[in-house]
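I'd like to ask some things about the structure below.
Just so it is clear, none of the values below were taken in a lab; they were calculated from the coordinates. Since the model is a prediction, treat every value here as computed from it, not as a measurement. Glycine also receives a Cβ, built like all others from the backbone with ideal geometry; neighbour counts cover every protein chain displayed.
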Amino acid sequence: MVEQSPSQWTRTLVSLAVATALLRQRRPDLEQASSLGTRALHTSGSTPIHSVWQRATELLQHTGKWQAEPVVRDYASELAALNYQPAVQAQPDPPP
């Protein structure tokens, strides 16, 4: 049902939530979680919204004890490759 959503952000956020749940279950499924997380990053495009960036980063944090695994390193590389720019950036005060 979510896959049918016209919103790429909805699809991405739900996929990242499912990926995180796969890591938090009694028997974590690292392969599936990493694969789903990577697909979610591809769905979000090259400039994700803040909530996608935040959830994607949280997923990476949940992989901490598996950081040496190739699938985790691949996911971390995909995340690092995104061009995340906060929507609101600090602007210098105008001159008086």
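Net charge near Pro28: determine it from the other residues with C-beta under 12 Å of the C-beta of Pro28, scoring Lys and Arg +1 and Asp and Glu -1.
Values: positive: Arg24, Arg26, Arg27, Lys65; negative: Asp29, Glu31, Glu69.
Result for the neighbourhood of Pro28: +1.
Give me a comma-separated list of calculated 3J(HN,Hα) values for the stretch 9-14, in order, Karplus coefficients 6.51, -1.76, 1.60 applied at θ = phi - 60°, integers in Hz, x for any Gly or Pro.
Karplus values, whole Hz, x for Gly and Pro: 5, 4, 4, 5, 5, 5.
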